[in-house]
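The values are calculated or read from the model by the stated rules, or taken from the named source; none is laboratory data. Keep in mind it's a predicted model, so treat the numbers as computed, not measured. Cβ sites come from the backbone with ideal geometry, for glycine too, and all protein chains shown count toward neighbours. For accessibility, only protein heavy atoms count, side chains too; no ligands or nucleic acids. Shrake-Rupley method; radii C 1.70, N 1.55, O 1.52, S 1.80 Å.
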Amino acid sequence: MTSPADDGTVSVRYLVDDVAAALDFYTGPLGFTPISTFPPAFADVRRGKLRLLLSGPDSSAGRAMPDGRRPHPGGWNRIHLIVADLDSEVARLRAAGVVFRSDVVTGPGGRQIVLDDPAGNPVELFQPARA
């Protein structure tokens, strides 16, 4: 597969119910920078090398499939954001009214928690274990 210009950016598309609410969420509490905004259909935001495409029901990505199924937000695939201090981030986001899908879980590689964006798409915050 060829790429017109590979600058290392990874693009992930999230289907959302409300592009404006998703844009506020990602550029507010999660610190993304807006790239382009075309509400109510579409917006995209960037954080480092991650470009997140926020596609509303009116976008081409929200159109029905040939068999009639309609794409929708949610599921368990998620973007993974690394943080330095998970407890501080959780406290800050809870104070901002962010809804969490899980509790903090500790594993061999570190600690994580999953939160929901306004459309119910999951976002994982991850603090790596110290070596």
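Quick notes on this one:
- Most fluctuating residue given options 66, 118, 57, as computed from a GNM of the chain linking Cα atoms under 10 Å: 66
- Accessible area of the chain divided out per residue, in Å², using a probe of 1.4 angstrom: 59 Å²
- Sequence-ordered 3J(HN,Hα) estimates for the stretch 73-88 from the Karplus curve with 6.51, -1.76 and 1.60 and θ = phi - 60° stand at x, x, x, 10, 4, 7, 7, 10, 10, 8, 10, 7, 9, 4, 4, 5 Hz, glycine and proline given as x.
- Principal axes of the stretch 49-94: Cα extent on each, largest first, Å: 45, 22, 17
- Cβ-placed point charges (K, R +1; D, E -1), dipole of the chain about Cα centre in debye, nearest 20: 200 debye
- Cα centroid of the stretch 13-92 to Cα centroid of the stretch 116-131, whole Å: 13 Å
- Here the chain has 54 percent of its accessible surface on carbon and sulfur atoms, given a 1.4 Å probe and all protein chains in place.
- The stretch 51-126 shape via C-alpha gyration tensor axes, a/c threshold 1.5: prolate
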